[in-house]
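See structure below.
All of the numbers you see were taken from the coordinates with simple rules; none came from a lab. Here the structure is a predicted model, which is why all the values come from computation and not from measurement. With ideal geometry, Cβ positions are generated from the backbone for all residues, glycine too; neighbour counts draw on all protein chains shown.
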Ligand SMILES: Nc1ncnc2c1ncn2[C@@H]1O[C@H](COP(=O)(O)OP(=O)(O)O)[C@@H](O)[C@H]1O
Ligand SMILES: [Mg+2]
């Protein structure tokens, strides 16, 4: 477990620097597992807190369990929890666990799970960070945009593009939104702490498209190309008739 009193000694890699210094309305870091996304998210958040003292900020996760691991319970022996990190940088965090917020010197952080999107409403924040964003429904991203809109704040999305789903729809096909976004992509091994032997094992054992998504951060198509089909966002209604299954195209999934 990281001692909260240990000074932080970390030098960012290029992908992390791009995240932390990004000044666009939206910043999307789709990058390899273990590449240092969550760590960069901490620093991005701290930068916004200290630049805009007294404002509130939102941190979202796909599930309460993941939220608890990143914010509260040390699991990764190397990476501090968000609370420990805030201690280390002198923000003197006070955790209000039940109500879901952290009181800090520079402002308040509300933490929420995509399991209950109504919890995301209620306050206008200066920044919103969603970790493992691709595991969240598109509604989480829309909430983050809404909650930061009034103050023309900042949205950070960090994740591994394991589920491609709405990433293309919102951040590439939607050209207005795409123009507000800085897209950052880096592999797991951009992190000097990521063992190249582990990367090689993944490369040899995973289907190439999956490796490219999970370890290179690419929006790779299952067949191996990098094309997108509208069908990916379609929900199929299956009909069983005369001993055969037929697919009827349904609505766009969210
Ligand atoms: N620039 C860096 N240099 C050295 N170690 C790093 C760096 N960035 C992150 N780490 C460490 O690498 C591990 C993985 O980082 P993390 O931010 O959890 O990655 P991700 O969220 O991309 O899976 C953690 O133990 C973290 O402390
Ligand atoms: Mg992470």
(request) Order by neighbour count: 27, 118, 182, 189, fewest other Cβ atoms within 10 Å first, most last. (result) 118, 182, 189, 27
(message) Can you sort 96, 119, 57 from fewest to most other Cβ atoms within 10 Å of each residue's own Cβ?
(response) 96, 119, 57
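Give the relative contact order (percent, whole number) for segment 14-247; include only Cα pairs under 8 Å separated by 6+ residues.
Values: 414 pairs, mean separation 61.9, N = 234.
Averaging sequence separation for qualifying contacts and normalising by length gives 26 percent for segment 14-247.
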(message) On C-alpha positions alone, give me the angle between the axis of helix 138-149 and the longest principal axis of the chain, in degrees, nearest 10.
(response) 40
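Viscosity 1.306 mPa s, temperature 10 °C: what is the translational diffusion coefficient of the chain from Stokes-Einstein with a Kirkwood Rh over Cα pairs, rounded to a whole number of µm²/s? Could you put the intermediate results ahead of the total?
Working: Rh = 19.2 Å.
Once the numbers are plugged in, D ends up at 83 µm²/s.
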(message) Test of understanding: what is the full-extension gain from residue 150 to residue 105, defined as 0.36 nm times their sequence separation minus their Cα-Cα distance?
(response) 13.9 nm
(message) If I take R0 = 25 Å and measure r between the Cβ atoms of residue 51 and residue 17 in this structure, what FRET efficiency does the formula 1/(1 + (r/R0)^6) give, to the nearest 0.05?
(response) 0.90
(message) For a quick check: sort 126, 30 by the number of other beta carbons within 10 angstrom, fewest at the front.
(response) 126, 30
